[in-house]
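Here, each number is a calculation from the coordinates, and none is a lab measurement. No experiment lies behind these values; they were computed from the predicted model shown. Cβ atoms come from the backbone with ideal geometry, glycine included; neighbour counts cover every protein chain shown.
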């Protein structure tokens, strides 16, 4: 292992192959991966984390303010 960095939208482990070329792979594929505590404790019993649901709500609020999902735009009820 050479280093760990965030790249391509995920944490990656960088290493040198047999020819010395720098390669990388997702940290989640290695023993260096530390699972999210919520995911480990939920053990498949919860489809969403509270943090993710709050983020979704913020996104929906912004879209509604911009008219993207505004109530009544196509005869739909409030979300």
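When the Cα gyration tensor is reduced to axis lengths a ≥ b ≥ c, the ratio a/c is 1.5 or higher for the stretch 15-54, and with a/b above b/c it is classed as prolate. Projected label points at residue 30 and residue 65, each 7 Å from Cα along the beta carbon direction, are separated by 4.0 nanometres. As a rough footprinting exposure proxy, the listed residues 51, 19 were ranked by other beta carbons within 10 Å of their own, and the order from fewest upward is 19, 51. The alpha carbons of the stretch 1-71 occupy a box of 60, 31, 13 Å along the principal axes, longest dimension given first.
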